[in-house]
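In what follows, a single structure is set out as structure tokens and then discussed.
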Amino acid sequence: VIVGNGGVGKSSMIQRYCNGTFTKDYKKTIGVDFLERQIEVDGEEVRLMLWDTAGQEEFDAITKAYYRGAQACVLAFSTTDRDSFEAAHSWKLKVENECGEIPTVIVQNKIDLMEQSVVNPEEADLLARALGCRLLRTSVKEDVNVAAVFRHLAARCLADLRDPRDCDYFTSPTPHHPNSLTISAFSPSHSSKNHNGTIVLRPNK
């Protein structure tokens, strides 16, 4: 799940990553949006199911339902938006309240606009340490480090899958694709597997 204030580049990030496209026109996300991409990590085929959430408070009741069962989180703020930086703690808390502790990466987006920066590098580093998360600096416009964000989280999720203490949220490899798995956005209580081993997602009620 991708969270953060409105206008920080969440939708542009997943559009860039999944479709290779970028537009400067800002279009507010209403509720949630969804895209997916399949990648290979450590010899495993991993299907990432990415949920883009609205950053405005009026959509909180909708978006929180989509946090539950998420296995990883991208928490984004903008280099040019001080409020989005200062809201990072509250976004982390919102996700933790619904999901508990899940792999999370802090993303400082729009580093192509560093001359307009309202957040200094030391502050961003301190934020990441305070939240116990890795910090990655990206430019969705210039396609800098975008893929690294999702590859890092996919690797973290794979590591959790291989830990027998905590692998309930992952789809097992399918008979026809023994080296593939799906990282889903919902908990098993709101999903079901069909006969070929893929996962059918059901939104939380």
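Summary of computed values
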read-out: Length-normalised contact order for segment 67-160 - Cα pairs under 8 Å, 6+ apart - percent; value: 32
read-out: Cβ-based exposure ranking for T79, T23, in which fewest neighbours within 10 Å come first; value: T23, T79
read-out: Low-density loop cleavage sites - GluC sites (Glu not before Pro) in segment 98-150, where at most 13 other Cβ are within 10 Å (DSSP); value: E101, E142
read-out: V41, V95, V144 arranged by Cβ crowding within 10 Å, fewest neighbours leading; value: V144, V41, V95
read-out: Across K24/K92; K10/K110; K24/K94; K24/K110, pairs whose alpha-carbon gap is larger than 21 Å; value: K24/K92; K24/K94
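Read the figures in this text as sums done on the coordinates, not as results from a lab. All of these numbers come straight from a predicted model, not from anything done at the bench. When we count neighbours, we look across all protein chains shown, and the Cβ atoms used for this are built from the backbone with ideal geometry, even at glycine.
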